[in-house]
Amino acid sequence: MVIDGGADPAHGAALTERVIDAVRRAPEASALRYQHVPWVVGPPRPMAADVLADMVFPSGRPLPPSLRRWLAFDVGLLERYDWFDPDGGFAPRPLDQLVDDELGTMWADCFTPLAERFGECFLLPGGSDSRRVLAVGDTDSEGEYPVLAIDVDDLPFVGLMYPGFDVYLADTAGLLRTEFPTYTALFDHAIYSSRMRQHAGHWFAGEAYAEFPF
């Protein structure tokens, strides 16, 4: 089912469940349209229920409903993107460290002023000279944390691309009918605009993005 302005709104665990149904039908399919990043390599590996029940981020913040539902299905995709330490706990990075690891020290230095604000970040599949990052902090009304786009193609840029891991999954699975003429296009989406604007207030003083010099 493709979600658009005329569909019943879906968020959080319910939307993630739709993605999981799609992945079960084609687990070897790519999570990205332009890169081969399979959703699942081998059988899905759910996180043990007793472990998941107690999981929180290192800051003590709770897991968003979408991520909790996804981890009950599989941990493998996020393991491949270095979400966990050797003991199985979460291993977030501040934004400048993540940029350093992914794009190099020259660019990381540009993002240092944002490191305190974005101190608990996780890499997601997506981008070439850009990256997709889940940022843990203030949630929206669905209990979800935003997914940011990081770009250094022109001026270093960080902006709100998705209102949560739920909508990120739905888009990468092809369940969300939208266009991305800009990274922040979901600000005009019939269903998800409200959540995007909530995050803008929390993270960017009401703006959709920040651009260098930060």
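Assorted remarks:
- Of all residues in the stretch 92-150, those satisfying the criterion of being under 20 Å from Leu186 (Cβ atoms) and among the aromatic types (Phe, Trp, Tyr) are Phe118, Phe122, Tyr145.
- Neighbours by Cβ (under 8 Å, 6+ apart or cross-chain): first from the stretch 129-145, under 10 Å from His202 (Cα atoms) and of a type in the set (Val, Ile, Thr); second open to solvent by less than 10 Å² (accessible area, probe 1.4 Å) and assigned to a loop (DSSP other than H, G, I, E, B): Thr139/Pro64; Thr139/Tyr145
- Some residue of the stretch 182-189 being under 19 Å from Leu15 (Cβ atoms) and of a type in the set (Phe, Trp, Tyr): yes
- Single condition Arg195 does not satisfy, out of (1) in contact (Cβ under 8 Å) with a residue 12 or more places away in the chain; (2) under 20 Å from Gly137 (Cα atoms); (3) out of contact with any helix residue (DSSP H, G or I) (no Cβ under 9 Å at 6 or more places or on another chain); (4) not hydroxyl-bearing (Ser, Thr, Tyr): (3)
- Within the stretch 1-22, the residues that satisfy the criterion of being modelled with pLDDT under 90 and crowded, with 19+ Cβ neighbours inside 10 Å are Ile3, Ala10.
- The helices (runs of 4 or more DSSP H) found entirely in the stretch 23-95 that carry 3 or more residues being open to solvent by 10 Å² or more (accessible area, probe 1.4 Å) and without any contact (Cβ under 8 Å) to a residue 24 or more places away in the chain are 49-54.
The values are calculated or read from the model by the stated rules, or taken from the named source; none is laboratory data. Keep in mind that this is a model prediction, so the values were computed, not measured. Glycine also receives a Cβ, built like all others from the backbone with ideal geometry; neighbour counts cover every protein chain displayed. The protein model used for the area step is the full one, side chains on, heavy atoms only, and it has no ligands, DNA or RNA in it. Shrake-Rupley method; radii C 1.70, N 1.55, O 1.52, S 1.80 Å.
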